[in-house]
Amino acid sequence: MGLKKLVTGNWKMHGLSADLAEIEAIAARAGQYPQVDVALCVPSILIERAVRAVPGFPIGGQDVHHAVKGAHTGCTSAQMLVDAGAALTIVGHSERRDAQRERDEEVRAKAEAGLGCGLDVILCVGEPLEVREQGGAVGTVLAQLDASLPADPPKEAELAIAYEPVWAIGTGKTPTTDEIAEMHGAIRRRLVERFGTAEGEGVRILYGGSVKASNAAEIFAVPDVDGALVGGASLKAADLIPIVAAAARQPG
Ligand code: PGA
């Protein structure tokens, strides 16, 4: 495929002023791997300070509201993320699909809102354990994808899909490399069907769920794995940078 790998940290609800030094360390050390795109999605209240701390390094949000503005207490619009200096946002993370009951249609509207404001978007999909055990993982994820993808074909690199099996997030468990290959291949074929060859093949497909230094190399070697969305192991440069280095060692 030859897509440049993308390693994005998802800090979830972690990060205070005291952690800006860690963001600076991550950005500085990531700069030693120009063959990999690296970004950090931090709590929205930390975005502006993070952007000031690491100018030029992509900082993102973890969610965005689908509306431009309005009576949505506690929510953040795409324009607000851009205004704070964000370059990207995650949408449809399973923790939000679960706890905030976000549906595919809403995730799609969020993706379109982010792209419409010039943000890069990482759109998450993934199956729960019982679906995997019943053999329905690929069908479930493709159905999520069909209903959550933005309407328009994405322009270069602005959209990435993160395949994150719900049961692999924060658990230390990961699918086999064959299972990852099967899912990423199915996602790739669906993207090509939906958007056409050039656009569909240009969308990076990230794997997420318990990625760490010790498993990153074998995951990045799987066909159609174009990077990773990393939670727990993204909080410290010492944990994240070896993952970036593993991505850098993969032929593009
Ligand atoms: P994890 O989280 O790396 O801690 O499993 C990944 C994610 O939820 O994006």
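Given Ser17, Ser77, Ser94, which one is buried (at least 20 other Cβ atoms within 10 Å of the Cβ) and either within 18 Å of the chain's Cα centre (by Cα) or not aromatic (Phe, Trp, Tyr) (or both)?
Values: Ser17 fails: buried (at least 20 other Cβ atoms within 10 Å of the Cβ); Ser77 fails: buried (at least 20 other Cβ atoms within 10 Å of the Cβ).
Exactly one residue qualifies, and that residue is Ser94.
Every condition in (1) more than 25 Å from Ala87 (Cα to Cα); (2) modelled with pLDDT under 95; (3) small (Gly, Ala, Ser) holds for Gly185 except the one numbered (2). Scan the range 210-221 for residues that are in contact with a Lys or Arg (Cβ under 8 Å, 6 or more places away or on another chain) and crowded, with 19+ Cβ neighbours inside 10 Å and the total you get is 2.
Can you tell me which of Val54, Val36, Val42 is at pLDDT 95 or above, touching a helix residue (DSSP H, G or I) at 6+ places or on another chain (Cβ under 8 Å) and either closer than 17 Å to Gly231 by Cβ or within 16 Å of the ligand (Cβ to nearest atom) (or both)?
Checking each option against the conditions leaves just Val42.
Could you say whether any residue in the range 176-199 is basic (Lys, Arg), within 10 Å of the ligand (Cβ to nearest atom) and either in contact (Cβ under 8 Å) with a residue 24 or more places away in the chain or surrounded by 15 or more Cβ atoms within 10 Å (Cβ to Cβ) (or both)? Spell out how you get there, then give the answer.
Of the residues in the range 176-199, the ones basic (Lys, Arg) are 188-190, 194.
If we keep only those that are within 10 Å of the ligand (Cβ to nearest atom) as well, we get none.
No, the range 176-199 contains no residue that is basic (Lys, Arg), within 10 Å of the ligand (Cβ to nearest atom) and either in contact (Cβ under 8 Å) with a residue 24 or more places away in the chain or surrounded by 15 or more Cβ atoms within 10 Å (Cβ to Cβ) (or both).
In the range 129-147, of all residues being crowded, with 16+ Cβ neighbours inside 10 Å and within 16 Å of the ligand (Cβ to nearest atom), the one that is farthest from Val203 (Cα to Cα) corresponds to Arg132.
Could you list, in sequence order, all residues of the range 88-120 that are aliphatic (A, V, I, L, M) and more than 13 Å from the ligand (Cβ to nearest atom)? Walk me through how you get there before you give the answer.
Step one: list which residues in the range 88-120 are aliphatic (A, V, I, L, M), which gives 88, 90-91, 99, 107, 109, 111, 113, 115, 119.
Those that are aliphatic (A, V, I, L, M) and more than 13 Å from the ligand (Cβ to nearest atom): Leu88, Val107, Ala109, Ala111, Ala113, Leu115, Leu119.
When you go through Ala99, Ala21, Ala53 one by one, which is the residue that is touching an Asp or Glu at 6+ places or on another chain (Cβ under 6 Å), without any contact (Cβ under 8 Å) to a residue 60 or more places away in the chain and over 21 Å from Glu158 (Cβ atoms)? It would help to see each step written out before you state the result.
Values: Ala99 fails: touching an Asp or Glu at 6+ places or on another chain (Cβ under 6 Å); Ala21 fails: touching an Asp or Glu at 6+ places or on another chain (Cβ under 6 Å).
None of the other options fit; the residue is Ala53.
Scanning the range 148-170 for residues that are assigned to a helix (DSSP H, G or I) and over 17 Å from Gly9 (Cβ atoms), we see that the one that is farthest from the chain's Cα centre (by Cα) is Trp167. Selection of the range 203-252 for residues being away from the ligand (no atom under 15 Å from the Cβ) and of a type in the set (Asp, Glu) yields Glu218, Asp224, Asp226. On inspection, Lys212 passes the criterion of being basic (Lys, Arg), closer than 27 Å to Ala27 by Cα and touching a helix residue (DSSP H, G or I) at 6+ places or on another chain (Cβ under 6 Å). Entry remark, the range 13-69: residues being more than 17 Å from Met80 (Cα to Cα) and assigned to a loop (DSSP other than H, G, I, E, B) number 13 in total.
When you go through Leu191, Leu206 one by one, which is the residue that is within 15 Å of the chain's Cα centre (by Cα) and among the hydrophobic types (A, V, I, L, M, F, W, C)? Talk me through it step by step, then tell me what you get.
Details: Leu191 fails: within 15 Å of the chain's Cα centre (by Cα).
After applying the criteria, what remains is Leu206.
The values are calculated or read from the model by the stated rules, or taken from the named source; none is laboratory data. Just so you know, these numbers come straight off a predicted model, no measurement behind them. Here the Cβ is made from the backbone with ideal geometry for all residues, glycine too, and neighbour counts use every protein chain on show.
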